[in-house]
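The values are calculated or read from the model by the stated rules, or taken from the named source; none is laboratory data. Note that the coordinates shown come from a computational prediction; the quantities given were computed from them, not determined experimentally. No Cβ is skipped: glycine too gets one built from the backbone with ideal geometry, and neighbour counts run over all protein chains shown.
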Amino acid sequence: MPRIVLLGPPGVGKGTQAKVLAQHLHVPHLSTGDLLRESVRAKSSLGEEADVYMRAGRLVPDDLVLRILRERLGRADAATGYILDGYPRNVAQANELDRIAPIDRVLSFDLPESALVVRLTQRWTCPKCGTAYNLATRPPKVPGACDLDGTTLVQRADDAPAAVRTRLAVYREQTEPLLEHYRRLGRLTPIDARGTPEQVAQRLRTALEGRS
């Protein structure tokens, strides 16, 4: 049963690779951001709790995120495994996750910071369907428009250069210690994130097959 965590800084391509890998392994891709939004839309009791924090622009507390994640992991489609994207973000969360759902593999995507800045500042998103594009590595077929529905693409405020530097600094401080944590546990596999999404996906599959 593959229970896999994807780690890496903003802009490294985790979301794109998580979707591809989930399809390849026939397991759900679980993004904590998506789970929070789904819980709010469903008006569940957990979602209503999370909505209070999200409306106030505050981080949802770790214990609430974990309860939402635990509920999702309890569904039938996650019984054969899952891909976790966006959780854990620190060692404390990793320890809590191991308490309810021990992880088999941790795949860490590596890319130089200069390349991450370029990727993030070139990233545009469809506000309707959420599809992400990168003008440097994966541009839309028609400039400025989503390939899927033609909606005009937008750039998030946190993809501006100054905001990008701040996001990377937060990652280094809070999340990078996870790499050593999982390395000590013998679960960490580094993945070279340079090149096209297809090239990275192939490296990902090769790494998994090498230790299957």
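When THR189, THR175 are checked against the criterion of being closer than 21 Å to ARG123 by Cβ and among the polar types (S, T, N, Q), a single residue qualifies: THR175.
Here is a check on your reading of the model: is ARG89 closer than 26 Å to LEU135 by Cβ and either touching a residue at least 60 places away in the same chain (Cβ under 8 Å) or outside any helix (DSSP H, G or I) (or both)? Judged against the criteria, ARG89 is not a match. Step by step: first the residues of the stretch 61-100, then only those that are surrounded by fewer than 14 Cβ atoms within 10 Å (Cβ to Cβ) and among the aliphatic types (A, V, I, L, M), then the one that is nearest to ALA193 (Cα to Cα). Which residue is that? Across the stretch 61-100, the extreme among qualifying residues is ALA92. Of note, GLN17 satisfies the criterion of being at pLDDT 90 or above and within 13 Å of the chain's Cα centre (by Cα). The single condition among (1) of a type in the set (Asp, Glu); (2) in a loop (DSSP other than H, G, I, E, B); (3) at pLDDT below 95 that GLU209 does not satisfy is (2). Residue count for the stretch 177-212, restricted to those that are under 17 Å from HIS24 (Cβ atoms), among the basic types (Lys, Arg) and touching a residue at least 60 places away in the same chain (Cβ under 8 Å): 2. Taken together, the criteria exclude SER39 from residues that are farther than 18 Å from VAL106 by Cα, among the polar types (S, T, N, Q) and surrounded by fewer than 17 Cβ atoms within 10 Å (Cβ to Cβ).
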